[in-house]
Every structure is written in C-alpha cells, then in structure tokens.
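These notes are about the structure you will find just below.
The values are calculated or read from the model by the stated rules, or taken from the named source; none is laboratory data. Bear in mind that the values here come from a model prediction, so they are computed numbers and not experimental data. All Cβ positions, even for glycine, are placed from backbone atoms using ideal geometry, and neighbour counts span all protein chains on display.
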Amino acid sequence: PRIFIECNDGGATVTTNGGLTWSSELNQPTGELYMVDVDEQFPYRLYAPQQDNSTLIAPSLPPVSWPLDTPAQVWSHGPGCETGQIHPRPDGQVVYGVCKGELGRYDVPTGQEKHYWVYPQNRYGANPRDMKFRFVRSSPLLVSPHDPRVVYHGSQYLHRTTDGGVTWETISPDLTANEPDKQVISGEPITRDLTGEEVHSALYAIAESRLERGVVWTGSADGPVSVTRDGGRTWTRVTPPGLPPDGRVMNIEDSPFRRGSAFVAVSRQLLNDFQPYLYATTDYGATWMRLADGANGIPADHPVRAIREDPEREGLLYAGTEFGIFVSFDRGRHWQPLRLNLPATPVTDIRVHHGDLVISTMGRALWILDDVTPLRSLAAPASAAGSRLLAPRAAYRMRYAPIRGRPDAPEYPPAAARIDYVLAAAPEGDLMLDVIDAAGQVVRTVSSEAPAPAASPAPAAPEATGGESEETEERPAAGVAARLTKKAGHNRFPWDLRYAGPWTRRAPAGGPGGPMVPPGRYQVRLRAGGWSQSQPLEVRIDPRVAADGVTVGDLVEQAAVSLKVRDAISDARRLADRLREAREKAGASDAPAAARLQALSDRLVTGRGAYPQPMLIDQLANVARMVGLADQKVGRDAYVRFDDLVRELTAMETEAGTALAPP
C-alpha cells in the first residue's frame, strides 16, 4: 500500500514510501509528440511539439565528437508551444512555430522569437462563431518547398506570408464544412472548456506540391479536402467520395514523382469510427482510390494518422496508425507491419529524410529507422531473388560517441557504413566481406567465423593504441559488430570506416582501432564458397569538415601518416613479444641474458604502477592520438616526433638483434 504510480502527460513517477519521495520523470521515453519535421543541417535536426511541454529541437546524431554528459546538452526549445506545429527553414537558422494559432518566427543566431499572429484576436473564452479566424489546437503551418520565404498558415482560410510573417494575405475562401451546429462552446453543459483552440471547423493539414509551385492541398478538421492549382486564386473542393462526414484530415502527402498525385489520411476515431481512411489521387482529386479498407494489411480498427511516399522509390509508402507503422511496396494495394522494435504506439507523423525513416509518436517520443536501403530494394520493380548484396548508401566520416539505447537517453548508433545483404539460406562455410579501395587493395576483411578486427574505440581514444603493458589487447567498441551474421534473410553489418588496427598476439592480422579510411570510392565484396557479389560504396567527407577548410587531400595524407604510425606500433609490439618469449625461455638458467632482455623490453613497454613514464610503444600511440583524433591536416610536429621515434625503434631493433642472436 506504500507503492503508488502517478501518471501525467510527462510520464510517470513512482513512490515506494507512501509519497515521501518520488522517482524522476526524466528517465523514460514517454514524449507525446504531435508531428515531426527535419532540416538540411548535418547531422539533420528533428523538430516536434510535445504535449504539455514545449517544442523540441534535437539532433539525429550527436553534433560533437566528445561524449555527452547528458543528451540534453544538444537539445533545445523551439518556437511555439506544446501544440505546435513547428517547421524549420531548410538551413535550420530560422524556425517557425505555432501556439494555438499564434505564430512565432525564431531566429536561431539571435535566440529571439518574433511574434507575427494572423489578426491577434484573443480567442480565450470565445465561441467559434464569434471568431474572425478559427485556429485549431495544432494549427497547420508549412514552409514552401520552393521558397523558404513563403510560409502558409491555416485557420478556416489559408494564409500566406512572403516576408517572415510581417504581412499576411488570405488566399482562399472558407475551406471547412463550417456547419452552424458545430460552432458551439466546448464542454457545455457540464464543463465550459474554451481556451480558444476548441474549434471543429478549421484547417488541419496543408501540403504544397514539390513538383508544381502553386499547387496547394488543404484538409480540414471537419472533413473537406481542397486544392488550388494557381497559388490560391481559384479553389476546388475534392473530398473523396464515400468518406463519412466530420473526419479529421490528419495529413496530406503530395507525391514526389507524379504531378496531380496526393495521399490523404483521415481519422474519425473521435466519432467512435476506427476504420483506416486512406486515399490516393492521381488527377488533382477528381477521382480517389481507397488504400486501406481493413482487408489489405492495415487492420479495420487501426485509424491512420499519417502517410508518406518514399522520395527515392516510387510506390513505396509508409503509414502511421494508432497502433504502429505499416509499409506498402505496391502503392497501397497491400500493407504489412513495419514494427520491428518499435513499441505499440500511435505514430503521429512520418518523414523520409536522407535515407532514414523518422517518426513521431504520441507516448514514445521520436524514433529513427536508420537507412531504409533494404526496403527500397524490396520495392524495386525487379527485386532479385536469392542471395544478394544490396548497394549501400554513401557513408560519411563522422566522429561522435555512440550511445546505447536506455530509458533516459536516446540511442545513437556508431558511425559506420551499413552493409545490407540478403541470404537465401545460411551458408555452411565462412561468409566473408572485403572492402577494396580504388587501387584494388583490400583494406578490410570481415568474417562470420572470427571476430572482426574492426571495432573502433571511443572517439577520445587513440587511433592506434600502444597499451600499458605487453599484455594489453584492445577490445571492440560497444555497438560495433564483431563478425558477420549469416542467417537466412536480411543481415546488416556496420563497417566503422577503419583499417585494421596494430598487430596483437590475438589478432595478428590487425586488432581494432585502426585509422579511418579517407574519403573516396570503394567496393564491398561479399563471398561464400564459390559465390561472390560486389557493390560500390562511396565514403564522403563530413561537410562540416570541408566547410572548415579541410580537404580530401588532407585526409588522404592523414590516413597515410596514420598507417605508418600503426605499422610502427605493430613492429614495436612484435619486437616486445619476441623479447618476452626469449626472456621466458632464458628464465633462471641464464639470469644475465634475461636481465638484458628485460632492460630492452622496459624501453619498449610502459611499466605498471602510478604515473609510469610512457615508453616507446605508448610514445608512438601518442603520435597516433594527435594525428587521428579529428579530421585534420597533419601538424608538422607530428612528423618530427614520429621520425625521432622511428630512429629510436630502429636502434632498438639492432640491439635486440644482437641480444637475440644465438651464442
């Protein structure tokens, strides 16, 4: 009886002592998000309004190379408030947000939000019939895909600004059903609930064609769908026939491939109708086809909240429902669940961006399905049967600390090239993956039978570590696969864009922690038995690095120097291992020889204890650390120090040759 759980819009808190103390709410991914948008920054940011909180701006991947103390370090508030919507300019430097119909323009460099409301009538406590402009709680907003200076905002009319909101023009008639019996005080006769947003006849969705400037679609919270083909001068009501009245048009998706084509998702669950109302048109709304009727994959009791078409694969559709997400490979004729590890949760919005599937949920915060290459392959017109290596998307050299998913932090996967392959059946022997550079040299080989020497250390670790003693061995970093999987069906291997690391006794071909490969064109080759298949892979420079003045040539030079340092560490480790073996063989029977060998080894390998002086192997690793911690041009002093250490190593190899020579 002393254990209670208190639930609210922010999550849940628990007391185990009758209420004297309570747990935090900041340890659970329970954000309730109305929608999501993305920008073109690198890495791209996500924008979403949170129920009973604020608008949120969060990066898709950590934007810094060092580990975060808390993910909140890189989160920020946005304009508007809990209800949204919120949409950025593509560069992310200006963000538009709405709070119950009141629009703000947030300038990121200044940190100020300017307020430009359409007719600033205080609607608090007002009957909708008395409002000049009716804005629904989550009033729609859209930045034009053709001109980021053009912004649309919806009341019962469509409004447009071309100067950041300083002036607005109304470019439509009333686009709602506007039934008189729906213009009433919300909550009466029991509880008067009237904060200015409880309106039924207002726009809820806006979309402008990416292919035709001036073709704009709108959907209302009370059912009608409308379209203009001339920038708002004339309008046509094109509500799908057979759609029951008073449904909320949740979102409209213009096709990125076909002029005149659009998709509409309508929800009637507030009217106790849970059918999935999903429609498509190819002729500007003159005719419609229903894409979900409860019998083609989306269950009959799954209301649909969002639909998007993949911008790179025509006919590949994603639908967000009240209980999860679905995918169609044939333009909506058939659907199947795409839940994977996603909890059963309402999916409120979807974005397909730079090859990722980004979704917002009402209760489980934000999710990203990284790299939908396999889905695009399945949707291809002639998707091959049997085993095949899929063409990987371009990979960017990035440096950040990955985070394992946990309740109080997002999951940030390691920076990697994701290699997807489909196996008709699990091969009996070894499955191998080779990465080959433009010169035809194999830079990495990964096996299904033995751990790959590939996993990179955390970004703050050296590129090629020396180790504190002869026995030190590197371990794969968290989140990076150690070997290929070879199960029948789809498999994915994340290659960390690194060469093999220095020699170790356990990994003579090279351990983990090798240098990063330079940008360029590579081939990945999958092979098993007598079968093999290859695909091209492009590794790209981080655009932020290029903007800082670092060139691809600088990174080629960096890789070459790092490989020389790696090889010197390997030589020093092998020498230390030979000395160890000889010392153990000499043992007590030849104490003077063992002492001489130990003295040589002590100059190579750092001793134990508090603050030991780093010896040659760790001195080489220190150079590797300076050279490889960031994407940069190699500093002159790195060459000077490395040359000195190579001369020292050469001298020690000569001494060791004498000491190890047979009597």
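Between Glu40, Glu102, Glu25, the distinction of being of a type in the set (Asp, Glu) and touching a residue at least 40 places away in the same chain (Cβ under 8 Å) belongs to Glu40 only. Scanning the stretch 487-522 for residues that are surrounded by fewer than 17 Cβ atoms within 10 Å (Cβ to Cβ), basic (Lys, Arg) and closer than 24 Å to Ala438 by Cβ returns a single hit, Arg521. Residue-level analysis places Pro71 outside the set of residues that are more than 25 Å from Ala205 (Cα to Cα) and buried (at least 20 other Cβ atoms within 10 Å of the Cβ). Would you mind finding the one in Ser172, Ser139, Ser201 that is closer than 23 Å to Asn251 by Cα, touching a His at 6+ places or on another chain (Cβ under 8 Å) and part of a loop (DSSP other than H, G, I, E, B)? Just a single option satisfies the conditions, and that option is Ser139. Out of everything in the stretch 331-377 that is of a type in the set (Asp, Glu) and not in a strand (DSSP E or B), what residue ends up being nearest to Pro29 (Cα to Cα)? If we take residues in the stretch 331-377 being of a type in the set (Asp, Glu) and not in a strand (DSSP E or B), then Asp370 is nearest to Pro29 (Cα to Cα). Screening Arg160 against (1) farther than 26 Å from Asp283 by Cβ; (2) part of a strand (DSSP E or B) leaves a single unmet condition, (1).
Taking the conditions exactly as written (of a type outside the set (Val, Ile, Thr), farther than 22 Å from His354 by Cβ and either touching a Gly at 6+ places or on another chain (Cβ under 7 Å) or not in a loop (DSSP other than H, G, I, E, B) (or both)), does Asp52 satisfy them or not? Criteria met by Asp52.
Give the residues of the stretch 351-368 that are without any contact (Cβ under 8 Å) to a residue 60 or more places away in the chain and surrounded by 19 or more Cβ atoms within 10 Å (Cβ to Cβ), sorted by residue number.
Selection gives Val352, Leu357, Trp367.
Leu194: part of a loop (DSSP other than H, G, I, E, B) and at pLDDT below 95, yes or no? Yes, satisfied. Within the stretch 275-286, residues that are at negative phi sit with their Cβ atoms under 6 Å from residues that are outside any loop (DSSP other than H, G, I, E, B) and among the small types (Gly, Ala, Ser), at 6+ positions apart or across chains, in these pairs: Pro276/Ala292; Leu278/Ala265; Leu278/Ala292; Thr281/Ala262. The single condition from (1) over 26 Å from Leu563 (Cβ atoms); (2) of a type outside the set (Gly, Ala, Ser); (3) surrounded by fewer than 14 Cβ atoms within 10 Å (Cβ to Cβ); (4) out of contact with any helix residue (DSSP H, G or I) (no Cβ under 9 Å at 6 or more places or on another chain) that Thr654 fails is (1). Regarding Pro79, is this residue closer than 19 Å to Ile206 by Cβ, without any contact (Cβ under 8 Å) to a residue 40 or more places away in the chain and in contact with a Lys or Arg (Cβ under 8 Å, 6 or more places away or on another chain)? Judged against the criteria, Pro79 is a match.
Sort out which residues of the stretch 330-350 are in contact (Cβ under 8 Å) with a residue 12 or more places away in the chain and more than 20 Å from Ala380 (Cβ to Cβ), and write them in order of number.
Answer for the stretch 330-350, where residues must be in contact (Cβ under 8 Å) with a residue 12 or more places away in the chain and more than 20 Å from Ala380 (Cβ to Cβ): Pro337, Arg339, Leu340, Leu342, Pro343, Ala344, Thr345, Pro346, Val347, Thr348, Asp349, Ile350.
Quick check: anything in the stretch 592-609 among the β-branched types (Val, Ile, Thr) and under 36 Å from the mean Cα position of the chain (by Cα)? No, every residue in the stretch 592-609 fails to be among the β-branched types (Val, Ile, Thr) and under 36 Å from the mean Cα position of the chain (by Cα). Please tell me if Ala559 is more than 30 Å from Glu40 (Cβ to Cβ) and in a helix (DSSP H, G or I). Considered against the rule, which asks whether it is more than 30 Å from Glu40 (Cβ to Cβ) and in a helix (DSSP H, G or I), Ala559 comes out as no.
Within the stretch 401-449, the residues that satisfy the criterion of being within 15 Å of the chain's Cα centre (by Cα), under 22 Å from Pro29 (Cα atoms) and not β-branched (Val, Ile, Thr) are Ala401, Pro402, Arg404, Gly405, Ala409, Pro410, Glu411, Tyr412, Pro413, Pro414.
Which is part of a strand (DSSP E or B) and under 24 Å from Gln441 (Cα atoms), of Pro512, Pro518, Pro536, Pro508? Step by step, each of Pro512, Pro518, Pro536, Pro508 is checked, and only Pro536 is part of a strand (DSSP E or B) and under 24 Å from Gln441 (Cα atoms).
Gly609 satisfies every condition listed in (1) in the same structural domain as Ala638 (by TED's automatic domain parsing); (2) closer than 30 Å to Tyr421 by Cα except (2). Looking at the stretch 578-622 only, could you name the residues that are surrounded by fewer than 18 Cβ atoms within 10 Å (Cβ to Cβ), without any contact (Cβ under 8 Å) to a residue 40 or more places away in the chain and of a type in the set (D, E, K, R)? Scanning the stretch 578-622 gives Glu581, Glu584, Lys585, Asp590, Asp602. Taken together, Val545, Val565 contain a single residue that is part of a helix (DSSP H, G or I), in contact with a helix residue (DSSP H, G or I) (Cβ under 9 Å, 6 or more places away or on another chain), aliphatic (A, V, I, L, M) and closer than 21 Å to Ala417 by Cα, which is Val545.
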